[in-house]
């Protein structure tokens, strides 16, 4: 039981099972604070957590910037006046080119591709159904693309947060461990 990793393994199984009280009792009663903290210290890397937080900030910032850029560029083709425009295909292509130009240096290019595909699909749909409002169809396609992009960003953030949350669980556990004054863990 003296192996630090074995102690950490057993405690993690309890924590994963949401049995923090038993884990704390196990560590405190058996005097395993030092081996457990030594093992956790070897596993925890604050620089990775900082990188994860930066990734989340990047995802949020990039997604927000892309949504804003697309809205600004497409504002003219979602107006009702666009419904009577005979050069709708050309204007949609122009909007796509502007989206590409303004977002080419941003990360998360799959999100941009989602918008571009939505515009291509709606252009084809309008060609096949000229009686339907062009502006409404474009607005719906962009809204759906925006929902997909937001959902993807949220999933990516949740994946990153899972790692951060596990660190928080360990921190809560560590804060409840009894450490003897003057010991290695103190």
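In region 1-48, how many are outside any helix (DSSP H, G or I) and at pLDDT 70 or above? Full working, then the answer.
Filtering region 1-48 for residues outside any helix (DSSP H, G or I) gives 1-3, 17-19, 30-32, 44-45.
Remaining after also requiring at pLDDT 70 or above: 3, 30-32, 44-45.
Residues flagged as outside any helix (DSSP H, G or I) and at pLDDT 70 or above within region 1-48 amount to 6.
Against the definition (in contact (Cβ under 8 Å) with a residue 60 or more places away in the chain and surrounded by 11 or more Cβ atoms within 10 Å (Cβ to Cβ)), how does residue 136 come out, yes or no? I'd like the intermediate steps shown before the answer.
Working: in contact (Cβ under 8 Å) with a residue 60 or more places away in the chain: no; surrounded by 11 or more Cβ atoms within 10 Å (Cβ to Cβ): yes.
Against the criterion (in contact (Cβ under 8 Å) with a residue 60 or more places away in the chain and surrounded by 11 or more Cβ atoms within 10 Å (Cβ to Cβ)), residue 136 does not qualify.
Could you grab me the full set of residues in region 97-130 that are touching a residue at least 12 places away in the same chain (Cβ under 8 Å) and not in a helix (DSSP H, G or I)? Let's see the steps before the verdict.
Filtering region 97-130 for residues touching a residue at least 12 places away in the same chain (Cβ under 8 Å) gives 98-100, 102-103, 106-108, 110-112, 114-123, 125-127.
Within region 97-130, 106, 107, 108 qualify.
Taking the condition more than 30 Å from residue 37 (Cα to Cα) and over 25 Å from the mean Cα position of the chain (by Cα), does residue 89 pass?
Details: more than 30 Å from residue 37 (Cα to Cα): yes; over 25 Å from the mean Cα position of the chain (by Cα): yes.
Considered against the rule, which asks whether it is more than 30 Å from residue 37 (Cα to Cα) and over 25 Å from the mean Cα position of the chain (by Cα), residue 89 comes out as yes.
The values are calculated or read from the model by the stated rules, or taken from the named source; none is laboratory data. Every value quoted in this text rests on a predicted model; they were computed, and no experiment measured them. Backbone-built Cβ (ideal geometry, glycine too); neighbour counts: all protein chains shown.
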